Each structure stands twice: as C-alpha cells, then as structure tokens.
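Everything below concerns the one structure shown next.
The values are calculated or read from the model by the stated rules, or taken from the named source; none is laboratory data. Computed from a predicted structure; not experimentally measured. All Cβ positions, even for glycine, are placed from backbone atoms using ideal geometry, and neighbour counts span all protein chains on display. Only protein heavy atoms, including side chains, enter the accessible area calculation; ligands, DNA and RNA are left aside. Shrake-Rupley method; radii C 1.70, N 1.55, O 1.52, S 1.80 Å.
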Amino acid sequence: MIDSLINFFNTPWGVAARSLIYLGGICGFVAANAAYLVWVERKGAGRFQRRPGPTESGPWGLLQPPADGIKLLAKQIMAPPNGDKILFWAAPLMVMAPPLLCLLAIPFGDNILARNINVGLLMVFSFGSINVMALMLGGWASRNKYSIISSARIVSQNVAYEIPMLLVVITMIMVTGTMNLQEITLQQGGGFWNWNILRGIWDFKAGHIGGNLLAPVTFLIFYICMLAETNRAPFDMAEAESELVAGAFTEYGGMGFGVFFMAEYGNIVVGCALATLLFLGGWQSPIGTIPGSWGWIGTFIGVGFFLAKMYSLIFTVVWIRWTFPRTQFYGLLNLSWKILIPVSLFTLLLSSILLKLPRLF
Amino acid sequence: MSLIKETVFGFWSLITGMRITIKEFFSPTITTHYPRQTLPIPKRFRGHIELKWNEETGRANCTACGICAKACPSDCIELEGIKPAGEKGKAVTSYHLNYTLCSLCSLCVEACPFDAIQHSGRYNLASVSNKWNHMDLFDRYKEQAVRAGKTPFIPEAAVVAPVPSAAPAATTPAASADAAPQPAQ
C-alpha cells in the first residue's frame, strides 16, 4: 500500500497532492507550534519563577492558547491614520512567510521532507532574512516613534548577527561539502560522535582529524546568532517592553499583533531545527543508525529524535529568556563585532586550512 | 588576552546563572493559589476595628464611654449607648465607623479602658460602592454572636437616650458590609 502511495506521489498529480499536503501540514505545524510554544513560554516562565504558570483554562492551562487566540480574533484591527496602510498590512503577511517557506527544505525524517532541495540551506537563509524586512516595514509604516526606534534597532542588530551566522554556516558547508539538508543529516549517521558538533574535532568514520576543530564553539555562535536573529531575550532590544512599549508591533492590535507573535515562535522553530540539522545530527539516532529495514516505524523514530532535539533547543531558548536580563544595545553590537565575528572568521580560516591540509602532504 | 579571559569567564558566569534557574525550575512552586487557598492572617494584622465581646455571656465589652471617639485623630467613630433597664452602667447600642477616614492608627484600641475594641482580620475588602465603608460595628457584633451560637445582648431601656441628629442610618452599612467579600474567620 505504502509503495503504491509513494509511486503515486511521483506522478504529476501526486506532486500537486504533495504540495497540498505540504501546505496543510506546514501551516498546521507552524500554527500549533506558535500557539503551544506561547504556552511553553508562559508555563516555563512560571516554573522558573516558582509559580505554576497558566492553570485556569483546561488541565495545566492547556486551553490557554485557544483562549488567547479567540481573544485576539475578537479585537478590532485598525491601522494608524497617518501611517502607510499598504506596508502596514504587508508586514504581518511577510513576517509569517519565512517560517512557512523555510520548513519546505527541512527534513523531519528520512522520508518526511516536503522537497529535497540541493541548495536547501541557502534557501532557508535567503528566505529567513525576509523576517527582518517585515519587522522593519511594520515599525516604519506605523508612524510611531517607538516603532521607528525599534525598526532601527532591528536592522542594526540583524546586520550585526547575520554576518557571524553566515560565516558559521559557510564553515559548516565547507566541512559537509553540500547545501542539501538531507545530505548533511545523512552524513551524521551512526551515533552522536558522528554529529557535526563532534565530527568537526575528530572524524571517526574517516579516522582522521575533523574539518572544524572549534565545532562546539561554532554551534554556540550559531545558537547565539539564532537568538539575536529571532529577537529573543537577552537580545530582545526590538521589542523592549520596558522602554519601547511593544517595539515594532506597538500599533498593531488583535490578530495583526498575534501574527507577529506567532512568527517569532515560528522563526525559533526554524532556527532550532537548523541548529539540530547542522550540528546535532537531525533525525539521526544518538546511538547507532536506525536500520533501513524498520521502514516507516524507523522513520517515525527518527522524527521523534528530530523533534526531541529541536524542542530541547527551544526549551533552552525559553530557559535563557527567563535567566538573563536584557543586554544593552552597545553590549549586543560589541558581542557581535568584537567577539563573534572574529571568532567565526578564525574558525572559517582554521577549517579551510584543515580541509586543505591532507592535500598539501 | 584579557578579552579572551573575560569572554571565557563571562560565559562561565552565564552557565552558573542557567544552573541556578534550572534548579528553581524543578523545585515545587511556592505561590498561594489565592481564591482557593489563603494564608493565615497574622494576629497583629490591623484590619478595621470591631467590637470585642465576652464569649460566655455573649455581651459586648463596650460601655459606650466614648473615649475611643475622643482618641480618634481622624474623627471616624460615632457611638451611642443607653442604660439598660435594671443596670448601673451603659451598654453600646450603635457603633458607627467611617472607614473612609480611618487610618488604622490603633489609637482607639489603645485608649479603650474596657478592652472592648480589637482589629479584625478582614484584609480582602473590596466593593464597587463606597457604602460598606460606613459600617455599624454593633450590627457586626450581633452577627458574630449569632454565628457563634449566642444571643446578642441588645440593651433595652425604658428611656431612650437622646439621639444625635448626625447619626447615620444604622441599617445600610451592615447590609452592604455583607456585599464585601467575607474572609473565613
């Protein structure tokens, strides 16, 4: 049955059906994540402060996201009278696009993948940058001083953090030799010592020194940049509640605001999924390889591993938020330009030397 | 070199911070779930004043001497009393407290020579109207005595003492005092 289904998905009609399944699945996945990560955030915030978090609606407050959604939907949405209406409403649409598009190339399991793009990594990063533009436009079109300040901050913050992030990703591409995310995952099979975070130091499969000696540092830089790119604490200068009301979203009400909020969590999902794929072996098991003969059961176990890794990274995002206070803007830019960029440039140089080294002797 | 040292040390301090918060994450919560749970009110809590009464006889200690009203710097106490038939001393018949003026200074409690006033433990008073701020403590005493299974002592006299014209209506405050949330006492 499954074989005939796979055959059907390779016919022209099947490709169309696959697009629809992708659309429905990804929209559902992003929406569910966005809604329930808010719950995770609030519950986590509570627990980190020795409070119970949401408890009133449903068991353990699990009905809180639908309640919030209904509340947001019931609110009137309006644009500020002197703002740019078109750009104002384009921003929430654009901000939701990157998480939806980027999940196209992300392999959840060995067969669970919307499209196996051979430049998947490039695609994710090119679309990921739309998020910044959407936030900037939203703030700019609001005609509000807080929003404008927030927009300026978003741009300088993202310019500063895009550089080390891309340098780190270039290092990873040099080590893996491919931009195909499924290929990158397949390379990391066979146990946690083969994941890129450790394979960079010593390549157990090939039995020689790895291509990226500073791979754990690289992972850290990637993770810090991901936090800054998604405007998460301690880098949430864009939405600094205590000084900028709600940053770029100040003038948005109801679901317009809700979309920005959901996109933030959608971007966290994409960022953590990328960190999992690039460094933590994606859907690969931490011990050994899932046998191919297990078929669909193996695939689902792989999906389980992928989601477990991804959600533990997301939990760390929440953990970081409720541990550290917001940094100053100078501190944020200094961290990027003085530490992250030099270190990531050094790793880039080091791995290019290490990769060329065997050919020199 | 110092930059590297600073970076490594700073990173280590971040890890320490995260270790502390995750320890808190897995500890039990320490909040009181207010409407369902309440903390015990400390004995020295200063709620609004109330009349003390004798548990055995069911009679209020107040003799309507008016020292509390004189001691009050905010002038928020007005009380009346009569001589009950066949008794020597006076007994209180209405004790009006204007809670909007009261600053809970406790001077009335200190001034009372008969140990007749105490602070109540009511801490969650809230209402949409301002009526309950004018309370008749004699009505409160009557309710408390009835709740404790005692017959409240209501002095009756052959000759009623002259009523001051400024005395507020005694019925409204008690009725609206009930509208305010009552803590378990």
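Tell me, please, whether a residue that is of a type in the set (A, V, I, L, M) and either within 19 Å of the chain's Cα centre (by Cα) or modelled with pLDDT of 90 or more (or both) can be found in segment A:293-301. Outline the logic, then answer.
We begin by selecting, within segment A:293-301, every residue of a type in the set (A, V, I, L, M); these are A:297, A:301.
Now restrict to residues that are either within 19 Å of the chain's Cα centre (by Cα) or modelled with pLDDT of 90 or more (or both): none.
The answer is no; no qualifying residue exists.
Can A:Ser312 be described as among the small types (Gly, Ala, Ser) and within 14 Å of another protein chain (Cβ to nearest Cβ)? Outline the logic, then answer.
Numbers: among the small types (Gly, Ala, Ser): yes; within 14 Å of another protein chain (Cβ to nearest Cβ): yes.
Yes.
One residue is enough: does segment B:166-174 have a residue meeting the conditions modelled with pLDDT under 85, open to solvent by 30 Å² or more (accessible area, probe 1.4 Å) and among the β-branched types (Val, Ile, Thr)?
Taking segment B:166-174 and keeping what is modelled with pLDDT under 85, we get B:166-174.
Adding the requirement that they be open to solvent by 30 Å² or more (accessible area, probe 1.4 Å) leaves B:166-172.
Subset that is among the β-branched types (Val, Ile, Thr): B:171-172.
For segment B:166-174, residues modelled with pLDDT under 85, open to solvent by 30 Å² or more (accessible area, probe 1.4 Å) and among the β-branched types (Val, Ile, Thr): present.
Is it the case, given these coordinates, that B:Lys83 is over 30 Å from B:Ser103 (Cα atoms) and surrounded by 15 or more Cβ atoms within 10 Å (Cβ to Cβ)? Full working, then the answer.
Numbers: over 30 Å from B:Ser103 (Cα atoms): yes; surrounded by 15 or more Cβ atoms within 10 Å (Cβ to Cβ): yes.
It is true that B:Lys83 is over 30 Å from B:Ser103 (Cα atoms) and surrounded by 15 or more Cβ atoms within 10 Å (Cβ to Cβ).
I'd like to check which helices (runs of 4 or more DSSP H) are fully inside segment A:151-240 and have at least 3 residues that are open to solvent by 20 Å² or more (accessible area, probe 1.4 Å) and touching a residue at least 24 places away in the same chain (Cβ under 8 Å).
On the way: elements: A:181-187, A:196-199, A:215-229.
Hits in segment A:151-240: A:215-229.
Pick from segment A:324-361 the residues that are open to solvent by 30 Å² or more (accessible area, probe 1.4 Å) and of a type in the set (Val, Ile, Thr): which of them is farthest from the other protein chains (Cβ to nearest Cβ)? Working first, answer last.
Taking segment A:324-361 and keeping what is open to solvent by 30 Å² or more (accessible area, probe 1.4 Å), we get A:324-331, A:333-335, A:337-339, A:342-343, A:345-346, A:348-350, A:352-353, A:355-361.
Keeping just the survivors that are of a type in the set (Val, Ile, Thr) gives A:327, A:339, A:343, A:353.
Numbers: A:Thr327: 11, A:Ile339: 6, A:Val343: 9, A:Ile353: 20 Å.
The extreme case among them is A:Ile353.
Going by the conditions given, is A:Lys43 charged (D, E, K, R) and in contact with a Gly (Cβ under 6 Å, 6 or more places away or on another chain)? Steps first, please.
Values: charged (D, E, K, R): yes; in contact with a Gly (Cβ under 6 Å, 6 or more places away or on another chain): yes.
Taking the combined requirement at face value, the residue satisfies it.
Here are some conditions: (1) among the polar types (S, T, N, Q); (2) open to solvent by less than 50 Å² (accessible area, probe 1.4 Å); (3) within 14 Å of chain A (Cβ to nearest Cβ); (4) part of a loop (DSSP other than H, G, I, E, B). B:Thr21 meets all but one. Which one does it not meet?
(4)
Collect the residues in segment B:26-73 that are small (Gly, Ala, Ser) and part of a loop (DSSP other than H, G, I, E, B), keeping them in residue-number order.
Residues of segment B:26-73 small (Gly, Ala, Ser): B:27, B:47, B:58, B:60, B:64, B:66, B:69, B:71.
Scanning segment B:26-73 gives B:Ser27, B:Gly47, B:Gly58, B:Ala64, B:Gly66.
When you scan segment B:114-124, do you find a residue that is on the phi > 0 side of the Ramachandran plot, in contact with a Lys or Arg (Cβ under 8 Å, 6 or more places away or on another chain) and surrounded by fewer than 16 Cβ atoms within 10 Å (Cβ to Cβ), even just one? Show your work before the answer.
Going residue by residue through segment B:114-124, those that are on the phi > 0 side of the Ramachandran plot are B:115.
Restricting the remaining residues to those that are in contact with a Lys or Arg (Cβ under 8 Å, 6 or more places away or on another chain) gives B:115.
Still in the list and also surrounded by fewer than 16 Cβ atoms within 10 Å (Cβ to Cβ): B:115.
Scanning segment B:114-124, I find at least one residue that is on the phi > 0 side of the Ramachandran plot, in contact with a Lys or Arg (Cβ under 8 Å, 6 or more places away or on another chain) and surrounded by fewer than 16 Cβ atoms within 10 Å (Cβ to Cβ), so the answer is yes.
Kindly indicate which of A:Val15, A:Val40 is modelled with pLDDT of 85 or more and open to solvent by less than 60 Å² (accessible area, probe 1.4 Å).
Numbers: A:Val15 fails: modelled with pLDDT of 85 or more.
Result of the check over A:Val15, A:Val40: A:Val40.
Among the residues of segment B:26-43, are any open to solvent by less than 60 Å² (accessible area, probe 1.4 Å), more than 10 Å from chain A (Cβ to nearest Cβ), of a type outside the set (Lys, Arg) and in contact with a Cys (Cβ under 7 Å, 6 or more places away or on another chain)?
Within segment B:26-43 (the criterion being open to solvent by less than 60 Å² (accessible area, probe 1.4 Å), more than 10 Å from chain A (Cβ to nearest Cβ), of a type outside the set (Lys, Arg) and in contact with a Cys (Cβ under 7 Å, 6 or more places away or on another chain)), the answer is no, since none of the residues qualifies.
So which residues in segment A:288-312 are within 18 Å of A:Asn194 (Cα to Cα) and either open to solvent by 80 Å² or more (accessible area, probe 1.4 Å) or touching a strand residue (DSSP E or B) at 6+ places or on another chain (Cβ under 8 Å) (or both)?
A:Thr289, the sole residue that qualifies.
If you go through segment A:43-83 one residue at a time, how many are more than 28 Å from the chain's Cα centre (by Cα) and outside any loop (DSSP other than H, G, I, E, B)?
Number of matching residues: 1.
Taking the stated definitions as given, is B:Lys142 under 21 Å from B:Thr57 (Cβ atoms) and either open to solvent by less than 60 Å² (accessible area, probe 1.4 Å) or modelled with pLDDT of 85 or more (or both)? Talk me through it step by step, then tell me what you get.
Numbers: under 21 Å from B:Thr57 (Cβ atoms): yes; either open to solvent by less than 60 Å² (accessible area, probe 1.4 Å) or modelled with pLDDT of 85 or more (or both): yes.
So B:Lys142 fits the description; yes.
Out of everything in segment A:51-101 that is more than 14 Å from every other protein chain (Cβ to nearest Cβ) and among the basic types (Lys, Arg), what residue ends up being nearest to B:Lys23 (Cα to Cα)? Full working, then the answer.
Here is the first cut: in segment A:51-101, the ones more than 14 Å from every other protein chain (Cβ to nearest Cβ) are A:57-59, A:62-101.
Still in the running and among the basic types (Lys, Arg): A:71, A:75, A:85.
Working: A:Lys71: 34, A:Lys75: 39, A:Lys85: 48 Å.
Ranking the candidates gives A:Lys71 first.
For segment B:23-65, how many residues are closer than 14 Å to B:Leu137 by Cβ and out of contact with any Gly (no Cβ under 8 Å at 6 or more places or on another chain)?
Looking only at segment B:23-65, we keep the residues that are closer than 14 Å to B:Leu137 by Cβ, and these are B:47-53, B:60-62, B:64.
Still in the list and also out of contact with any Gly (no Cβ under 8 Å at 6 or more places or on another chain): B:48-53, B:60-61.
Count: 8.
Within the group B:Ala157, B:Ala148, B:Ala161, which residue is of a type in the set (A, V, I, L, M) and modelled with pLDDT of 80 or more? First the steps, then the outcome.
Values: B:Ala157 fails: modelled with pLDDT of 80 or more; B:Ala161 fails: modelled with pLDDT of 80 or more.
The conditions single out B:Ala148.
Out of all the residues in segment A:260-275, is one or more crowded, with 19+ Cβ neighbours inside 10 Å, modelled with pLDDT under 85 and more than 14 Å from every other protein chain (Cβ to nearest Cβ)?
Taking every residue of segment A:260-275 in turn, at least one turns out to be crowded, with 19+ Cβ neighbours inside 10 Å, modelled with pLDDT under 85 and more than 14 Å from every other protein chain (Cβ to nearest Cβ).
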